[in-house]
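The values are calculated or read from the model by the stated rules, or taken from the named source; none is laboratory data. Please read these numbers as outputs of a predicted model, since none were measured by experiment. Counting neighbours? That spans all protein chains shown, and the Cβs are built from the backbone with ideal geometry, glycine included.
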Amino acid sequence: MENGKGDLAIFRRSLGYARPYWPHITGVFLFSLLATPLALLAPLPLAMVVNVLSGERMVLDLRASIFRHAQPLSLGYHDPKGTADS
């Protein structure tokens, strides 16, 4: 038996054994096609959470800095100025 024909016969026999499992094989194949795009999307929610938290932290630090700056100023500084001017 020639090598190419023997390989084809083994392949056909293997397909015969796999016939009852075609739905499973197809499902695994489709999930494997989806695995790469899903793996690439996994960091996005984490990045969005980190950006939100770091943005909130930045605003909190800015507010704290403004409060620390304004707190020691005397009332005399704030009285002649309007709320938008201080």
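Listing for the model above:
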item	result
Residue match in segment 17-32 (condition: at pLDDT below 90, small (Gly, Ala, Ser) and out of contact with any strand residue (DSSP E or B) (no Cβ under 9 Å at 6 or more places or on another chain))	yes
Qualifying helices (runs of 4 or more DSSP H) (wholly inside segment 3-71; at least 2 residues being surrounded by 10 or more Cβ atoms within 10 Å (Cβ to Cβ), among the small types (Gly, Ala, Ser) and in contact with a Lys or Arg (Cβ under 9 Å, 6 or more places away or on another chain))	none
Residue check, Pro80 over 19 Å from the mean Cα position of the chain (by Cα), modelled with pLDDT under 85 and surrounded by fewer than 10 Cβ atoms within 10 Å (Cβ to Cβ)	yes
